[in-house]
Amino acid sequence: MRNLIPSWIRVPIAFFIIFGAVEFFVNSGDKPAFIEYPVVLLFLFLVLLILIAIEAIIDALENVMLHKLDDEAKARFLAEKESTYQFTWLKNIYKKLLGSKPIEEESEIILDHNYDGIKELDNSLPPWWVYSFYISIIFAAVYLLRYHVFNGPDQYDELETELADAKASVEAYKKTAKNLVDINTVTVLTDAADLNAGKAIFETTCVACHMADGGGGIGPNLTDNYWILGGDIKHIFKTVSEGGRSGKGMIPWKQQLKPLEIAQVSSYVLTFQGTTPANPKDPEGDAWVDEDEETPLEEELEQAVITIDTTNILGN
């Protein structure tokens, strides 16, 4: 079996089998093991050296044994060596693609030109070159029709498509990676699990200043409509994360709480709105009006404008 497969094939096959086994069993994340762990690269290098050394040692042993054999055994051993697979099919393909005449047949293609005894052969172009030329013509025709006649997508269109796909992938990832939330992307969390987590955080870190029912103590009342630093989810998230007023507000919690935890406790704080605490603290700050919601007065004015416009249209 060894005589059928030459060493220059045995060594790479054995090396890549070992390489594949290392990559399979070594957990290196998204990177190849030999990049993530330099010691693996050293190990693979040593394996390659060992494989080459084994082949060299076996060949040396064979030579030593050959010299100790008698003539008949030497002849039999050499005959087995000669039976090694020669890859004749590969050599035949190479000769066909090269398309050159054997030296014995060059007399058939010698031209009449003779320059100081130097003769010229009328060789045809190598088949590999001719086939490559024909393939390039076919490729050019297909390319012309695809991109210049039928206006196929060019590299700029492909770039825009890839950017759109990448943006969609990032947005999809953000939906599952809640800890990427910040003041610009935070929204009110309404899931029971998030609100329960926010309640647990509030009872651990906020009760001392705001009371369990949000009525306020050292800190302001969270149940009324008056806020010092803003009363929507973004302002509350910023206040919890960055802290309150300098010198007399609460500490910033961004070092102790993750972004998702800040969003959870901020969403829970909003559930106190409209409730009645046992001992509510007097309002502090300014009455908060959400710019995204219309007040009853604004709704009445808008309805009045619509009525006036309708009357004018009917009158005309």
Open item on the list: Out of everything in region 174-198 that is of a type in the set (Asp, Glu) and part of a loop (DSSP other than H, G, I, E, B), what residue ends up being modelled with the lowest pLDDT?
Closed with: Asp182
Task: Residues (of a type outside the set (Gly, Ala, Ser), in contact (Cβ under 8 Å) with a residue 24 or more places away in the chain and farther than 18 Å from Asn279 by Cβ) located in region 185-220 - done: Val186, Thr187, Val188, Leu189, Thr190, Asp194, Leu195, Lys199, Ile201, Thr205
Open item on the list: Tell me whether region 65-83 contains one or more residues that are closer than 21 Å to Ser7 by Cβ and in contact with a helix residue (DSSP H, G or I) (Cβ under 7 Å, 6 or more places away or on another chain).
Closed with: yes
- [ ] Working only within region 234-256, note down all residues that are surrounded by fewer than 19 Cβ atoms within 10 Å (Cβ to Cβ) and within 21 Å of Lys175 (Cβ to Cβ).
- [x] Lys234
Task: In region 99-121, the residues that are among the charged types (D, E, K, R) and open to solvent by 90 Å² or more (accessible area, probe 1.4 Å) - done: Glu104, Glu108, Asp112, Asp116, Lys119
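Just to be sure, is Thr204 under 33 Å from the mean Cα position of the chain (by Cα) and either farther than 12 Å from Val269 by Cβ or modelled with pLDDT under 90 (or both)?
no
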Open item on the list: Can you name every one of the helices (runs of 4 or more DSSP H) wholly within region 232-316 that holds 1 or more residues which are modelled with pLDDT under 90?
Closed with: 296-315
Open item on the list: For a quick check of your reading of the model, give me the residue pairs whose first member lies in region 152-171 and is at pLDDT below 90, whose second is surrounded by 11 or more Cβ atoms within 10 Å (Cβ to Cβ) and not aliphatic (A, V, I, L, M), with beta-carbon atoms closer than 8 Å and at least 6 apart or on different chains.
Closed with: Gly152/Arg146; Pro153/Thr161; Asp154/Tyr147
Open item on the list: I want to confirm something. Restricting to region 25-76 and keeping residues that are touching a Leu at 6+ places or on another chain (Cβ under 9 Å) and at pLDDT 85 or above, which single residue is most open to solvent (accessible area, probe 1.4 Å)?
Closed with: Ile35
Task: Every residue from region 89-118 that is farther than 26 Å from Tyr131 by Cα, of a type in the set (D, E, K, R) and modelled with pLDDT under 80 - done: Glu104
- [ ] Give the residues of region 199-227 that are in contact with a helix residue (DSSP H, G or I) (Cβ under 9 Å, 6 or more places away or on another chain) and more than 19 Å from Ala263 (Cα to Cα), sorted by residue number.
- [x] Gly216, Gly217, Ile218, Gly219, Pro220, Asn221
Task: Qualifying helices (runs of 4 or more DSSP H) (wholly inside region 13-125; at least 3 residues being touching a residue at least 24 places away in the same chain (Cβ under 8 Å) and out of contact with any Pro (no Cβ under 6 Å at 6 or more places or on another chain)) - done: 38-68
Open item on the list: Tyr156 - would you say it is assigned to a helix (DSSP H, G or I) and under 26 Å from Glu105 (Cβ atoms)?
Closed with: no
Open item on the list: Every residue in region 202-229 that is in a helix (DSSP H, G or I), of a type in the set (Phe, Trp, Tyr) and open to solvent by 40 Å² or more (accessible area, probe 1.4 Å), please.
Closed with: none
Task: Members of region 236-261 found to be without any contact (Cβ under 8 Å) to a residue 60 or more places away in the chain and either of a type in the set (Asp, Glu) or under 18 Å from Gly214 (Cβ atoms) (or both), listed by number - done: Ile236, Phe237, Thr239, Val240, Glu242, Gly244, Gly249, Met250, Trp253
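The values are calculated or read from the model by the stated rules, or taken from the named source; none is laboratory data. Predicted, not measured: the structure shown is a model, and the values here were computed from it. Note that each Cβ is placed from the backbone with ideal geometry, even for glycine, and that neighbours are counted across all protein chains shown. What goes into the accessible areas is simple: the full protein's heavy atoms, side chains included, and nothing from ligands, DNA or RNA. Shrake-Rupley method; radii C 1.70, N 1.55, O 1.52, S 1.80 Å.
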